[in-house]
Structure formats: structure tokens, C-alpha cells
Amino acid sequence: MTTHVKPPHLESSAPAGTAPEPRDSKLINRIGRTYRFESAHHLPLLPDGHKCKNVHGHNYRVEVVMSGALDARGFVMDFAEIDAEILPLIRKVDHRLLNDVEGLENPTAEIIATWFLQRITGCESVRVYENDDCWAEVRIA
Ligand SMILES: [Zn+2]
């Protein structure tokens, strides 16, 4: 004889046919936005012969995650407010030699991600893609 046990994700303390009450947990909301820029760089700390020591370019993608409690509007942050903070930063790096930008003298993807994170209010994490396959991420510990 087989006994039927509900999988844990289907168990509920609510009577059959009623929706469970919303949980009273403390919630963290996260939102994200993606930006792109195109720039050249070289990595001066690499040994001679490493291809990334030569000046070359990337089509960078930057994914920014903001987190926090919801405000009176029901937002973590208005996407237009995020743009207002981040687009000036994008303008500083777009179509530039990144090594010439203050704070990006050794512009690895990790350092670029950190450069953005440290300049964006309320930012939880930043992920920088150098191409479709390679990324670096930094987050608030
Ligand atoms: Zn590169």
C-alpha cells in the first residue's frame, strides 16, 4: 500500500481551498538595470606578452542592482532616478581609454565594477561584462 505525502512546497497550514496568509517576514526588494558602453583599455600590471597588456576594446555591459525597503510610491528607487545617478558615470567611461579615467588606472573588470559601486547611492552590487562570456561582480559585504 502506498501512502501519499505532499511534497514540502505544497504543504500549507491553511485549510483546503483557502489562500494562505501573506508571510510576515522582513522583505528585501531588489531591482536591476543594465547599461552599456564601449571603451578601450590595457592592463599595465600584466606581464609582457599577455595579450591584455596591449590596448584593446570591449563592448561593456554593466548590471546594477539596487536594494532597500519600498518607499511611499512602492519603489526601491525610480528607474529614472537610477539613470540620473549612473548615466553621468557612463558618460565618463564611454568611448574613452579607461586607463585615463581617475580611479581606473588599472581597469580590470573587477576594478571597473568597484568604481561604479562606490559611486552609486543605495547600490547593492554591480556586474561588469567585458563580453558575453566573462564578467566580474562586486557586492556590498
Ligand atoms: Zn580587456
How about the stretch 11-61: which of its residues are out of contact with any strand residue (DSSP E or B) (no Cβ under 7 Å at 6 or more places or on another chain), modelled with pLDDT of 95 or more and acidic (Asp, Glu)?
ASP48
The stretch 115-130 - residue that is farther than 20 Å from LYS53 by Cβ and aliphatic (A, V, I, L, M) and, of those, surrounded by the fewest Cβ atoms within 10 Å (Cβ to Cβ):
ILE120
Qualifying residues in the stretch 40-73 (those that are β-branched (Val, Ile, Thr) and not in a loop (DSSP other than H, G, I, E, B)) - the one farthest from the ligand (Cβ to nearest atom)
VAL65
Among the residues of the stretch 98-114, count how many are surrounded by 15 or more Cβ atoms within 10 Å (Cβ to Cβ) and either more than 14 Å from the ligand (Cβ to nearest atom) or more than 17 Å from the chain's Cα centre (by Cα) (or both).
7
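Is one or more of the residues making up the stretch 65-78 in contact with a Cys (Cβ under 9 Å, 6 or more places away or on another chain) and either at pLDDT 95 or above or loosely packed, with under 14 Cβ neighbours inside 10 Å (or both)? Steps first, please.
So the first thing to find is which residues in the stretch 65-78 are in contact with a Cys (Cβ under 9 Å, 6 or more places away or on another chain), and the list is 65-67.
Next, only the ones that are either at pLDDT 95 or above or loosely packed, with under 14 Cβ neighbours inside 10 Å (or both) stay: 65-66.
Among the residues of the stretch 65-78, at least one is in contact with a Cys (Cβ under 9 Å, 6 or more places away or on another chain) and either at pLDDT 95 or above or loosely packed, with under 14 Cβ neighbours inside 10 Å (or both), which makes the answer yes.
The values are calculated or read from the model by the stated rules, or taken from the named source; none is laboratory data. Note that the structure is predicted; figures quoted are calculated from it, not measured. A quick note on method: Cβ atoms are made from the backbone with ideal geometry, for glycine too, and the neighbour counts reach across all protein chains shown.
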